[in-house]
Amino acid sequence: MERMEPMGHRAQRAIAEGEPDLIPASLSERTAARAEAVLSGQTGGVKKVLPFIGPAFIAAVAYIDPGNFATNIQSGAAFGYRLLWVVLMANLMAMLFQTLSSKLGIVTGKNLPELCREHFGRQAIYGMWGLSEVAAMATDLAEFLGASLGLYLLFHIPLLYATGVTGLVTYGVLMLERYGFRPFEMVIGALVAVIALCYLVETVLARPHLGLVAYHTVVPWLGGQESVLLAVGIVGATVMPHVVYLHSGLTQNRVRPRSLAEARRILRFNKVDVILAMTVAGLINMAMLYMAGAVFHHGHAGIADITTAYRTLTPLLGGGAAAVFLISLLSSGFSSSAVGTMAGQMIMQGFVGFSIPVWIRRLVTMVPTVVIVALGVNPTETLVVSQVILSLVLPIPLVALTRFTNRRDIMGAMVNTPLTAWLMMVCTAVIMLMNALLLWQIAGMPLPARL
């Protein structure tokens, strides 16, 4: 029997030699073939980075989900621009964490939960899986609520019915995975672009004080208990545990290196992907906060929920600004909810070796949202609490990621440099310190009036 040439190599040769009958029809296959052509030196110029762009934008969606809307609106309304530095700090840490997560998948061909299952004991694995599932459900709660709120406010659909519409839309987005990785990446990327465009419009309309924005972006400040809670919420809403897991899964089989040199080239392109995606996410987060600071802080500092923010925007900046705000919220909710469900599937498969149909996970993760809506619980308060839960769970994947990427027997020549290892430990320690402050406050212990 004649030995068949692997699809990627066959497609690469077809593109190079101009044999249209051999060029794969699938968009994902063509993307993989172009990536291989780049690695073989057959493609150059600026376009050579394009086949590698995508995974980080899927991860970036979690950094601009509805939980960010809630925490950033509260932070901006209550403290103006003063917590912008927390957004910058969280975003820089996110760049580091997502780069290392994607690196782990590329180098090992395995995702972070799979490596945990291989190297930790049974009790530790089930404990990590359980907490990770709690984090995934908290994530999905925030994202589902955000999209449902957007439908309720924009189209006046009853909130309970809006949860059903959100479930159907996000399930439809998830079904794109049947056609490979590229269509899903493109749809998610388009939704990120919509959110970015919306906040560009909001920036023009809100006219923030750019000097104060720049100052508070780099000068740290914490003013007491409420600001600490919101700062931890910002970190929890920005650095998300489920996408620290997910990013390694997105890269583990996307473009497999055949040599150390290819692995290094893929990692260089991957860093470009992460920097672009996280920069966009960081700028959107900052825009959320400084828009709230510019519009609400003077005269409406008590605004603490998305619904009030929307209704207050209309008389202050006009109906157009309020509509743009809701469009960004809808795009955020739909995209991040789909990504959260994908992450939940990968976490279960990696930690315990089995999975359930996507539609079942979609239904199960809808239940907390439906219950909260049916009971009339304040949606925005729920969003903020969900982000605090995420921040408390976050050290688990970060410690595991640090441990694995620092091990030469796992990473080989791609093991972390001493500087990278040090930065990972410092960033993880900062997050754990913020969590300790939060737990201290939850326990009823007073914090200093100023920190």
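The values are calculated or read from the model by the stated rules, or taken from the named source; none is laboratory data. Quick caveat: nothing in here was measured; it's all calculated off a predicted structure. Backbone-built Cβ (ideal geometry, glycine too); neighbour counts: all protein chains shown.
Would you call V87 in contact (Cβ under 8 Å) with a residue 40 or more places away in the chain, buried (at least 19 other Cβ atoms within 10 Å of the Cβ) and in contact with a Ser or Thr (Cβ under 8 Å, 6 or more places away or on another chain)?
Numbers: in contact (Cβ under 8 Å) with a residue 40 or more places away in the chain: yes; buried (at least 19 other Cβ atoms within 10 Å of the Cβ): yes; in contact with a Ser or Thr (Cβ under 8 Å, 6 or more places away or on another chain): yes.
Against the criterion (in contact (Cβ under 8 Å) with a residue 40 or more places away in the chain, buried (at least 19 other Cβ atoms within 10 Å of the Cβ) and in contact with a Ser or Thr (Cβ under 8 Å, 6 or more places away or on another chain)), V87 qualifies.
Checking each residue in the stretch 70-105 for being assigned to a helix (DSSP H, G or I) and small (G, A, S) picks out A70, S75, G76, A77, A78, A90, A94, S101, S102, G105. If you check E202 against the conditions, is it within 25 Å of V86 (Cβ to Cβ) and not hydroxyl-bearing (S, T, Y)? Taking the combined requirement at face value, the residue satisfies it. Scanning the stretch 337-382 for residues that are in contact (Cβ under 8 Å) with a residue 12 or more places away in the chain and not in a helix (DSSP H, G or I) returns G353, N378.
Only one of the numbered conditions (1) within 30 Å of S26 (Cα to Cα); (2) within 21 Å of the chain's Cα centre (by Cα) is violated by C198, and that is (1). Among the residues examined, V370 qualifies as at pLDDT 75 or above and within 24 Å of the chain's Cα centre (by Cα).
Please tell me if I275 is surrounded by fewer than 16 Cβ atoms within 10 Å (Cβ to Cβ), in contact (Cβ under 8 Å) with a residue 40 or more places away in the chain and assigned to a helix (DSSP H, G or I). It would help to see each step written out before you state the result.
Values: surrounded by fewer than 16 Cβ atoms within 10 Å (Cβ to Cβ): yes; in contact (Cβ under 8 Å) with a residue 40 or more places away in the chain: yes; assigned to a helix (DSSP H, G or I): yes.
Considered against the rule, which asks whether it is surrounded by fewer than 16 Cβ atoms within 10 Å (Cβ to Cβ), in contact (Cβ under 8 Å) with a residue 40 or more places away in the chain and assigned to a helix (DSSP H, G or I), I275 comes out as yes.
Can L267 be described as more than 17 Å from the chain's Cα centre (by Cα) and in a helix (DSSP H, G or I)? Considered against the rule, which asks whether it is more than 17 Å from the chain's Cα centre (by Cα) and in a helix (DSSP H, G or I), L267 comes out as yes.
Residue count for the stretch 137-167 satisfying the condition of being of a type in the set (S, T, Y) and either out of contact with any Phe, Trp or Tyr (no Cβ under 8 Å at 6 or more places or on another chain) or more than 16 Å from R362 (Cα to Cα) (or both): 4. Considering each residue of the stretch 301-319 in turn, none proves to be touching a Gly at 6+ places or on another chain (Cβ under 8 Å) and of a type in the set (S, T, Y). Within the group L83, L92, L96, L88, which residue is assigned by TED's automatic domain parsing to the domain that holds E177 and touching a Cys at 6+ places or on another chain (Cβ under 7 Å)? Within the list L83, L92, L96, L88, the selection yields L96. Within the stretch 179-234, if we keep just the residues that are surrounded by 17 or more Cβ atoms within 10 Å (Cβ to Cβ) and charged (D, E, K, R), the residue that is modelled with the lowest pLDDT turns out to be E202. When the stretch 309-336 is limited to residues that are in contact (Cβ under 8 Å) with a residue 60 or more places away in the chain and of a type in the set (V, I, T), the one that is surrounded by the fewest Cβ atoms within 10 Å (Cβ to Cβ) turns out to be I327.
Looking across G223, G211, G164, G189, one residue alone is among the small types (G, A, S) and part of a loop (DSSP other than H, G, I, E, B). It is G223. For the condition under 29 Å from L375 (Cβ atoms) and buried (at least 19 other Cβ atoms within 10 Å of the Cβ), G249 does not qualify.
Regarding F334, is this residue more than 18 Å from A59 (Cα to Cα), assigned to a helix (DSSP H, G or I) and at pLDDT 85 or above? Criteria not met by F334. Of all the residues in the stretch 76-134, those that are of a type in the set (A, V, I, L, M) and closer than 19 Å to L250 by Cα number 9.
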